[in-house]
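This report refers to the structure that appears directly beneath it.
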Amino acid sequence: MDERRYLPVTRAEHNARLALRALPAAVVIAYVWIGFFVAPKLVPSPWLVVMAVIGLVAYASTLRQRGERAAKEIAERHARARALGEAEKLDEAGAELDAMLDLARYSPSIHCAALVQRALLFARRGDTARALSILHAVRDSRWLEHPKLQSGRVALEKALAGLEGKG
């Protein structure tokens, strides 16, 4: 089992991913800039510049579609995990949440919200220490501080208060 999935993404790791994702766009923009403004003679054909821009648009479209597919799958897995948890099938719910965590790793706020749910599942199975360590890591990561994520932050604080009150 990959224990890294139970740790929030660090800001440095997230920023590195964003930089790598933006690298192709930066290369194409530099190529277009050189081709049209700086040294047009370095570019063998203006069609290469056009093809580079078309490639950039295709790349951006692919990233968007991949993100939409992942968001849909995350929502489906969350619904299944919730239904399984309500039916007291905790092992199956845990497997769904683990798959959801792997998908959500590229969106730190969603990943942290899913971590809260996974920690609550660990607590329901009796592993309070593990649940508390995950919840503290999520709180310390500060990914749930955005005003739009108030429900995730409230769930985190409720879970921490409930588990720390038991311990």
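The shape of the range 92-146 comes out oblate: with a ≥ b ≥ c from the C-alpha gyration tensor, a/c is at least 1.5 while a/b does not beat b/c. The residues neighbouring SER61, those whose beta-carbon lies less than 13 Å from its own, together hold a net charge of +2 under the Lys/Arg +1, Asp/Glu -1 convention. Mean separation of Cα pairs under 8 Å and 6 or more residues apart, divided by the residue count, gives the chain a relative contact order of 21 percent.
Residues TRP47, TRP33, arranged from fewest to most other Cβ atoms within 10 angstrom of their Cβ, appear as TRP47, TRP33. For the range 99-167, the set of GluC sites (Glu not before Pro) satisfying both a DSSP loop assignment and a count of at most 14 other C-beta atoms within 10 Å is given as GLU145.
Put a plus charge on the Cβ of each Lys and Arg, a minus charge on the Cβ of each Asp and Glu, and nothing anywhere else: the dipole of the chain about its Cα centre is then about 400 debye. Computed from backbone phi, the HN-Hα couplings of the range 142-157 come to 6, 6, 9, 7, 5, x, 6, 9, 4, 5, x, 5, 5, 4, 4, 5 Hz, rounded to whole numbers (Karplus: 6.51 cos²θ - 1.76 cosθ + 1.60, θ = phi - 60°; Gly and Pro given as x). Evaluated over the chain, the count of Lys pairs having alpha-carbon atoms less than 28 Å apart is 7 (only pairs 8 or more residues apart or interchain). Each residue of the range 14-24 is assigned a 3J(HN,Hα), and the resulting list reads 5, 5, 5, 4, 4, 5, 5, 5, 7, 4, x Hz, derived from the Karplus form 6.51 cos²θ - 1.76 cosθ + 1.60 (θ = phi - 60°), x at Gly and Pro. The string of couplings for the range 45-54 from the Karplus curve (6.51, -1.76, 1.60, θ = phi - 60°) is 8, x, 5, 5, 5, 4, 5, 5, 5, 4 Hz, one whole number per residue in order, with x for Gly and Pro.
Where a number appears in this text, it was derived from the coordinates with a stated rule and is not lab data. What you see is a predicted model; the values in this text were computed from it and never measured. Note: ideal-geometry Cβ built from the backbone for every residue, glycine included; neighbour counts use all protein chains shown.
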